[in-house]
Amino acid sequence: MLGVPHEAVRSWERGLNFRQDDLLLLAEATDTSIDWLVEGLTDRDVEEGEETAAAIAPLDASRVFPRSDDRVGVRALTGDEDLPTSIASALNVRPESLEISRDRGAERGGAAVRSPTLLLDLPDATLMSGAGAATFRLNRGDHTNAGGRILLSLVVGGRRRFEQASRSHEGAAGSAVFVSDSEDGSLRQTDGQYVSVFLPMQSVLKRAPQAEARLMQSIAPDLPPVRLFAAYASSLLKSADGLSHSFAAAAADHVADLCALMLGASGDERALAERRGVREAQRCRIAEAIEAGAATPGFTARSVAGRLGLTEREIHDLLWETGQSYTELVSDRRAAVAGARLADPRDAHLAIEEIAFLSGFMDFEKFNRAFEAQFGDTPEDYRAGRRTALRRPGLM
């Protein structure tokens, strides 16, 4: 399962001791309630941090995992808003210089549309993605005791220019650069598309002690960590339902790991960053490829490997590390596509066999097994149930 350590899955299946954080990740990855996962377990089965609870009473999920709808979600900011406090100390926008970014419709004479900035505030990492021309002021931060923050700027389209004391850096599409808030400065960008991440300096120096020597220097855009960061950040910023707090904390670590590799992490720090950040980002790209293309003709592990610059073996190994298999992920995605089409009145004229084929299944028996495993019902009964629901008063 993506994001869940393989050992944690095995421990839960066997009723062995496992950590609360792993149980939260398991619930997140499987969209399963905590109540169901802990049913029949005792406090001794679940470790709280470094210590294991001693009581043997049946486990109360509501006590161990407090109920909360509070998730770490993506927010859309407009040019009329102040930047969030998590980064305001490092970067202030001058509203009078913020231009309105127009979409394609506006270019053809339509109304001007202000492009929102997407923001995801993770623990110890803040991701931002936005478009439009603007001028920003960089404010000097508190760098006592390795304080302060560091900014990674990735230009997807347009141009960005940083100026700080006697140093400057200008980059076009594909460029990446790290800047710290050790000095006052400015940032000017043309109309384009930009991705940024703000990290605590201490978090970066712990992973890449020589990071400060690489500030204001161009990072080669073809470096694997740069490409992985762009894809991983894009995936996180598309999280419509938000992230659990445990997953958000892990994601912040993965982002910091990728940044450390760009900044020349070496030795044990590099090995840890590659094992943790790089591999998780690669799994994320595999999952995105499966979600986008599993139902299309000719979709294979080889085609995914070629598109992502991996081998088929690497794809299988990366997924196996989290207790999942490529075949299961593809089958689950195809079953989900089939379920959506069976529930769609616009596809009511299609036979179930046709929907199975259009969802990527070449074997009808495998389709039936995968569908029942995911929905707990046969395709025929599922479609009939959806039709009945649509006929209820108020739904037609």
*Scan the range 380-389 and give yes if some residue there is on the phi < 0 side of the Ramachandran plot, in a helix (DSSP H, G or I), in contact with a helix residue (DSSP H, G or I) (Cβ under 6 Å, 6 or more places away or on another chain) and of a type in the set (A, V, I, L, M), otherwise no.*
no
*Are any of the residues in the range 371-387 more than 30 Å from the chain's Cα centre (by Cα), in the same structural domain as Thr327 (by TED's automatic domain parsing), free of Cβ contacts under 8 Å to residues at least 40 places away in the same chain and crowded, with 17+ Cβ neighbours inside 10 Å?*
no
*Confirm whether Pro221 is under 27 Å from the mean Cα position of the chain (by Cα), surrounded by fewer than 17 Cβ atoms within 10 Å (Cβ to Cβ) and within 26 Å of Glu288 (Cβ to Cβ).*
yes
*In the range 354-367, which residues are of a type outside the set (Phe, Trp, Tyr) and either on the phi < 0 side of the Ramachandran plot or part of a helix (DSSP H, G or I) (or both)?*
Glu354, Ile355, Ala356, Leu358, Ser359, Met362, Asp363, Glu365, Lys366
*Filter result (under 22 Å from Tyr194 (Cβ atoms) and of a type in the set (S, T, N, Q)) within the range 229-250*: Ser234, Ser235, Ser239
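Output the residues belonging to the range 242-279 that are more than 18 Å from Pro123 (Cβ to Cβ) and not in a helix (DSSP H, G or I).
Within the range 242-279, the subset more than 18 Å from Pro123 (Cβ to Cβ) is 261-272, 274-275, 278-279.
Leu263, Gly264, Ala265, Ser266 - these are the residues of the range 242-279 that are more than 18 Å from Pro123 (Cβ to Cβ) and not in a helix (DSSP H, G or I).
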*Considering only residues that are among the hydrophobic types (A, V, I, L, M, F, W, C) and touching a His at 6+ places or on another chain (Cβ under 9 Å), look in the range 165-179 and name the one that is farthest from Phe198 (Cα to Cα).*
Val177
*Filter pass, Ala273 being modelled with pLDDT under 90, aliphatic (A, V, I, L, M) and over 30 Å from Pro209 (Cβ atoms)*: no
*Does Gln193 satisfy the condition of being at pLDDT below 90 and either over 19 Å from Thr117 (Cα atoms) or buried (at least 16 other Cβ atoms within 10 Å of the Cβ) (or both)?*
yes
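The values are calculated or read from the model by the stated rules, or taken from the named source; none is laboratory data. A quick note: this is a predicted structure, and the numbers were derived from the prediction, not measured. FYI the Cβ positions are ideal-geometry reconstructions off the backbone, even for glycines, and counts take in every protein chain you see.
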